[in-house]
Structures are given as C-alpha cells and as structure tokens.
Amino acid sequence: MEHVFYAELAEKSVKREIIPDELCLEILSSPRVELLRLLDAAYQVRQKHYGNEVQLHIINNAQNGGCPEDCHYCTQAKSSTTGIETYPVKAESEILDEAQRAYESGAYRYCMVFAGRGPSNSRIERLAELIKTIKSQFPIQVCLSAGLINREGVDILKEAGLDRLNHNLNTSEKHYPNVCTTHTYSDRMDTLKAAREVGVELCSGLIVGMGENSGDLIEVAKTLRELRVSSIPVNFLLPFEGNVFSAAPDINPDYCLRVICLFRLLNSDAEIRVAAGRELHLRSMEVMALYPANSLFIDGYLNAKGASRSRTLKMIQDAGFTIKADKSLEHLLERETERGESLSILNQDNAMKNLNELRPSFRAGNIPGESDGL
Ligand code: SF4
C-alpha cells in the first residue's frame with residue numbers, strides 16, 4: 001500500500017469514519033498492509049487523543065473461584081479444573097489496603113473483580129459502601145467487574161461514585177455459544193446497555209484466540225464502537241490446563257499487533273488496553289503495543305502472573321512514553337529500586353551463566369580434554 005493509504009486511514013479514524021469490513025480484514029491479515037506503517041497510523045490516532053501517556057491499571061481479584069458459570073477461558077468457571085486458590089470475598093480492610101497499594105504504585109485506575117453470575121441486591125449495597133470508602137480515601141479511579149447487573153443496580157453503584165463498569169463482550173454474538181453456555185451474549189449486552197443508560201462509563205473488551213475468525217473480531221470492534229465504550233481491554237487467551245480452552249491459540253505477535261491497531265482505528269478515542277496475554281503472545285514485540293494502545297495492567301492479571309512492575313515501567317520509559325499518574329515514572333522506578341525489584345530484574349536479565357550452562361558436556365559426564373591454548 002502507498003504511504004497515502006496509511007495517512008488516510010489515520011485521518012478517517014480521527015474523524016470517526018467507519019472502516020469497511022473488507023479493509024478491516026486486510027488490516028488483520030493481508031501482507032499488503034505493512035505492520036510498521038499500520039502501527040504508525042494507529043499511533044497518530046493514539047497520539048491525538050492520549051499523547052504519549054500510558055494509563056496503568058491494577059486488577060484486584062476480590063473473590064476467587066466458585067463461579068456457577070462456565071466461560072471456557074476462565075480458571076474460576078465451574079467447568080475448570082485448574083485447581084486455583086479459591087477464597088470468598090476479601091474483607092473490606094484487605095481491599096482498602098490493596099487500593100492504597102495500587103494508588104502508591106502509580107495506578108490510575110483500580111479494578112475490583114468479583115467472580116459469579118452477578119451480585120445480589122445486598123451485595124450491590126455493600127459494594128456501593130466500599131466504593132464510597134475507596135473514593136473518599138484515595139484519589140484513584142474505580143472500576144468494578146461483577147457480572148450481570150440490572151439498571152437499578154448500576155444506578156446505586158453510580159451514586160456511590162463508581163467511575164466505570166467492566167463487562168467484557170469477549171467475542172461476537174455468533175461465536176458466543178462456543179465460549180459459554182450458562183449465559184448469553186444478549187445477557188452481556190443488557191448489562192452494558194443498562195450501564196450506558198445510567199451514565200456510567202463502559203469498559204468492555206474481548207479475548208483473542210478462542211477459535212473465532214477475523215469477522216468475529218471485526219464485529220466485536222464495531223459493536224463496542226456503537227456502544228461508545230470508553231475502555232477496551234484487548235486480551236489474548238492464556239491457555240491453562242484444566243480450562244475448556246486449554247490449548248495455546250495459533251496467534252503470533254504480528255497478528256496480535258494488527259488486532260490492537262484495528263481496535264484503535266475503529267475506536268479512535270477509546271482507552272485501548274493491552275491486557276492479559278501480552279507477555280505470552282506479543283513476546284519480543286511487546287513494546288510495540290504502546291503505539292496503538294495507551295493502557296496496560298501492571299502486577300499481572302486475575303489468576304495469571306504478568307511481567308514485574310519494574311519491567312513494565314522500564315519498558316514504558318525506554319520507549320519514551322510517560323504515565324498518567326500524580327507520580328512520575330522516575331519516582332516509581334526509584335521506589336521499585338528501593339524495594340529491590342529493579343535490581344533483581346537486572347540480575348535476571350544479565351544473569352551469569354552457571355556451570356551447567358557453560359559446560360553442558362562436562363555435566364553429562366563427557367570430560368573434555370586439556371585446553372590447546374586457543
Ligand atoms: S462469569 Fe466471570 S468469573 Fe464466572 S466463569 Fe465467567 S468470566 Fe469467570
């Protein structure tokens with residue numbers, strides 16, 4: 001494609017013009033669309049809305065496991081035999097302590113996640129009290145993920161100060177029955193519509209690598225666009241033995257970056273977050289995701305570890321980006337050094353080879369001869 005193609009693509013995206021499905025398909029899979037130029041086009045759009053800032057999110061698994069639903073990608077599902085550490089809802093003091101630590105770690109947003117189909121009325125009331133307390137104690141944005149909620153429930157949470165409600169669409173309507181059988185795509189849509197009617201910001205994303213095709217991904221991107229979703233976490237399937245979806249998906253860094261670019265171009269002013277699976281599936285291309293995306297998780301995901309905080313912060317700094325927080329990136333990195341984390345990461349990256357690695361034949365009992373002086 002000529003240079004002008006990429007410039008027009010960025011321009012159309014900024015004007016919120018829709019991209020036809022055929023072109024979306026090319027973006028995802030045609031070698032005619034060059035990855036570096038595509039990243040640059042998506043970066044122009046990202047820069048227009050977010051400059052070079054990165055928003056850091058910390059996710060808190062406020063309750064783990066025991067979910068009656070059967071989402072095939074989820075370690076907390078009733079269908080999963082992954083053997084995760086389950087626990088009931090954490091005490092309020094524990095959640096508040098974690099909110100404080102998130103704030104001190106430079107997180108712009110604190111995301112609380114509760115497993116389950118959806119909260120009861122009494123849990124909604126307790127969540128509302130918790131949100132009020134967090135908002136009164138820390139200057140941090142609060143996002144909640146608690147399953148299916150009706151309009152009355154979202155209204156109570158909004159009154160309490162909830163900034164955003166997360167409820168991922170995950171995949172297209174057509175593919176949804178292959179991903180979950182205990183609730184439907186329209187159940188999920190109803191929750192998103194209820195939140196939108198009440199005026200709470202929406203956070204809704206997807207998981208790439210669940211057997212969907214490119215058309216499914218395009219449909220999700222366009223549906224989120226119609227819903228005017230403020231925040232889109234783009235997850236890449238983490239395969240865990242014991243989940244229904246336990247096989248590693250056949251996706252590579254090139255494809256993952258194209259997906260993130262597509263979501264940016266179709267949702268120009270949305271916060272696009274590279275979420276779970278970024279380390280596993282983007283591999284050495286991880287930093288390139290910062291060009292289309294403007295948001296990351298630090299401290300890992302729900303049940304999966306991610307890159308260390310210091311490694312993520314250093315990646316942002318090395319690429320010349322800044323963070324949206326009332327603390328500087330430099331301050332946070334110094335803090336990590338004080339905690340000893342930076343040092344351990346440097347040691348890990350520059351680790352000396354041990355004897356096993358230096359003399360594999362020797363270890364195998366194959367004694368090498370005398371040095372010939374070379
Ligand atoms: S409803 Fe949520 S916690 Fe339950 S299985 Fe689905 S994704 Fe997991």
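Assess whether L23 counts as being free of Cβ contacts under 8 Å to residues at least 24 places away in the same chain and more than 30 Å from M315 (Cα to Cα). Can you show your working first?
On the way: free of Cβ contacts under 8 Å to residues at least 24 places away in the same chain: yes; more than 30 Å from M315 (Cα to Cα): yes.
Here the answer is yes, as L23 does meet what is asked.
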Selection from segment 311-327 of residues that are without any contact (Cβ under 8 Å) to a residue 40 or more places away in the chain and either of a type in the set (D, E) or more than 18 Å from M285 (Cα to Cα) (or both): D318
Pairs with Cβ under 6 Å, 6+ apart, first in segment 134-162 and free of Cβ contacts under 8 Å to residues at least 24 places away in the same chain and closer than 17 Å to G118 by Cα, second away from the ligand (no atom under 16 Å from the Cβ) and part of a helix (DSSP H, G or I): none
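Yes/no matrix, rows are residues, columns are (1) touching a residue at least 40 places away in the same chain (Cβ under 8 Å); (2) over 16 Å from the mean Cα position of the chain (by Cα):
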| residue | (1), (2) |
| --- | --- |
| A195 | yes, yes |
| L202 | no, no |
| G205 | yes, no |
| G209 | yes, no |
| R228 | no, yes |
| S246 | no, yes |
Checklist (1) away from the ligand (no atom under 16 Å from the Cβ); (2) not in a helix (DSSP H, G or I) applied to E129, failing item: (2)
R16 being of a type in the set (D, E, K, R), part of a loop (DSSP other than H, G, I, E, B), closer than 22 Å to R228 by Cα and at pLDDT 95 or above: yes
Leading residue by the ranking (nearest to L144 (Cα to Cα)) among those in segment 186-233 that are assigned to a loop (DSSP other than H, G, I, E, B) and β-branched (V, I, T): V200
Extreme residue, nearest to A99 (Cα to Cα), among residues of segment 285-303 that are at pLDDT 95 or above and surrounded by fewer than 19 Cβ atoms within 10 Å (Cβ to Cβ): V287
Residue, nearest to V113 (Cα to Cα), within segment 81-98, restricted to residues that are in a loop (DSSP other than H, G, I, E, B) and in contact with a strand residue (DSSP E or B) (Cβ under 7 Å, 6 or more places away or on another chain): T86
Top-ranked residue of segment 157-183 - restricted to ones that are of a type in the set (S, T, Y), part of a loop (DSSP other than H, G, I, E, B) and within 14 Å of the ligand (Cβ to nearest atom), ranked as surrounded by the most Cβ atoms within 10 Å (Cβ to Cβ): T171
Restricting segment 61-110 to residues that are away from the ligand (no atom under 16 Å from the Cβ) and among the basic types (K, R), the residue that is surrounded by the most Cβ atoms within 10 Å (Cβ to Cβ): R109
Checklist (1) in contact with a strand residue (DSSP E or B) (Cβ under 6 Å, 6 or more places away or on another chain); (2) under 21 Å from L9 (Cα atoms); (3) among the hydrophobic types (A, V, I, L, M, F, W, C) applied to I207, failing item: (2)
Residues satisfying the stated conditions in segment 190-216, i.e. more than 19 Å from D163 (Cα to Cα) and more than 15 Å from the ligand (Cβ to nearest atom): V208, G209, G211, E212, N213, S214, G215, D216
Candidates R188, R126 - the one that is within 17 Å of V113 (Cβ to Cβ) and surrounded by fewer than 18 Cβ atoms within 10 Å (Cβ to Cβ): R126
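The values are calculated or read from the model by the stated rules, or taken from the named source; none is laboratory data. Being a predicted model, the structure only gives us computed values, none of them experimental. Every residue, glycine among them, receives a Cβ derived from its backbone with ideal geometry; neighbour counts consider all protein chains shown.
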